[in-house]
Structures are given as C-alpha cells and as structure tokens.
1. Among residues belonging to segment 29-41 that are surrounded by fewer than 19 Cβ atoms within 10 Å (Cβ to Cβ) and of a type in the set (Asp, Glu), point out the one that is nearest to the chain's Cα centre (by Cα).
2. Report, by residue number, each residue of segment 5-27 that is over 20 Å from Leu109 (Cβ atoms), surrounded by fewer than 23 Cβ atoms within 10 Å (Cβ to Cβ) and touching a residue at least 60 places away in the same chain (Cβ under 8 Å).
3. If you scan segment 18-40, which residues turn out to be within 13 Å of the ligand (Cβ to nearest atom) and assigned to a helix (DSSP H, G or I)?
4. So which residues in segment 50-95 are more than 20 Å from Met1 (Cα to Cα) and hydroxyl-bearing (Ser, Thr, Tyr)?
5. Scanning for something touching an Asp or Glu at 6+ places or on another chain (Cβ under 9 Å), among the charged types (D, E, K, R) and under 29 Å from Met1 (Cβ atoms), does segment 142-155 turn up at least one residue?
6. How many of the residues making up segment 123-146 are free of Cβ contacts under 8 Å to residues at least 60 places away in the same chain and not in a helix (DSSP H, G or I)?
7. Could you name every one of the helices (runs of 4 or more DSSP H) located completely within segment 42-122 that has at least 3 residues being more than 13 Å from the ligand (Cβ to nearest atom) and surrounded by 15 or more Cβ atoms within 10 Å (Cβ to Cβ)?
8. Sort out which residues of segment 132-154 are surrounded by 14 or more Cβ atoms within 10 Å (Cβ to Cβ) and within 16 Å of the ligand (Cβ to nearest atom), and write them in order of number.
Amino acid sequence: MDANIALIGFMGTGKTTVGKELAKKLGFTFIDTDEKIEEETGLTIKDIFQKYGEKYFRRLEHNLIKDISRYRRCVISTGGGVVLNIENIKILRQRSIIVCLEAGYQYLLNRLKDTDNRPLLAGENLEERLLRLLKEREKFYKCADIYIKTNNKTVNDLTDEIIKAIERIKI
Ligand code: S3P
C-alpha cells in the first residue's frame, strides 16, 4: 500500500502513541504534525499559542499539511484541531486514508485532567471546556474513512484494528 494513514481525533484520543506503533507495524514513516511544528519553530505548541495566538498556529499547521501531502507511506498523527480547516482534510484525503480515533467524555477527562501542554484546555473549568469543545468539534470529525473507538483498548489492539479496517476498505 502506497497511501498514507492520517490519524485525526480529539485531544487525548492517543493519536501520537497509536500512530508511532502503527507506523512501526506497517514499516511506514511516522510524522506528528505538532512535533514537526515544534521542531521547525523551536517553540512548544503552548508557547506558539501564548506568543502568537491560535490563528498563527493554524497557519503553521496548514502549511505543514500542504508540505507533507506529497509524502507516501507515512502515518501522520495530526493535532486535534486540524479538522477545523476543511482544506486540510481535502489535502490529506488526496493521499491518505483518514482514520478517526474516538473516545468518550469521561475517558478524555481522565486522560486530560493533568495536561498542561494543551492551551485550549488550560485554565479553570476543564469539564466545561471539554464538553463545549467536544460538542463544537463533533461535526468536524465526521470526515473520516474509518472510525475506531479507543476506550480501554491497548495500543496493540488498536493498531491491529486499524490495520484490519484498512485492509477491508482497500478490497
Ligand atoms: C489542538 C490539539 C493539540 C494541538 C493544539 C491544538 C486542538 O494536539 O495541536 O494544542 O485544537 O485540538 P493534540 O490533539 O495532539 O493534543
């Protein structure tokens, strides 16, 4: 298979961890868009948001998506907000199978409650912010080719499930 696999999904669904393992199993190159942006700017995502704001971050994210869209045989773990720009999805779709990792509110709350590197969830009232963002984002995640429920599954199980699902749609 020559296509890329792009992982999308809300913050905390495990895109990076699952993506790394998936790339290993498939012999693909692993790319994490947030990591790449941090490498290229020499700043953390948190610093980029703080110093330049979300709009600026979204521009960097979009430029990177354009850049990596010519690659092949990569697993691309995206940031949770990549879906907000429909152009990003159109570009990814050209060469990637889009896999959405899904998780429920309670599971995400547990995973995200101690996070301090996610600017959109920083500050008070994590529960409220999380609920609001999940609701706002719901419709944006409906652009995937494959949906995988992540709650309480191991990384090994998840990657096997993704590979099987990809094989099914490739037939
Ligand atoms: C964001 C998700 C983050 C990161 C940034 C914005 C979002 O990535 O890109 O903080 O808008 O959902 P993760 O999904 O890897 O946490």
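1. Glu35
2. Hits for segment 5-27 are Glu21, Lys25, Leu26.
3. As a first pass, look at segment 18-40 and keep what is within 13 Å of the ligand (Cβ to nearest atom): 18-20, 31-38.
Matches in segment 18-40: Val18, Gly19, Lys20, Thr33, Asp34, Glu35, Lys36, Ile37, Glu38.
4. Tyr52, Tyr56, Thr78
5. Scanning segment 142-155 turns up at least one residue that is touching an Asp or Glu at 6+ places or on another chain (Cβ under 9 Å), among the charged types (D, E, K, R) and under 29 Å from Met1 (Cβ atoms).
6. Selection size over segment 123-146: 6.
7. Fully inside segment 42-122 and qualifying: 86-95.
8. If the condition is that a residue be surrounded by 14 or more Cβ atoms within 10 Å (Cβ to Cβ) and within 16 Å of the ligand (Cβ to nearest atom), then Leu133, Leu134, Arg137, Phe140, Tyr141, Cys143, Ala144, Ile148, Thr150 are the ones that fit.
Here, each number is a calculation from the coordinates, and none is a lab measurement. What you see is a predicted model; the values in this text were computed from it and never measured. Glycine gets a Cβ as well: all are built from the backbone with ideal geometry, and neighbour counts include every protein chain shown.
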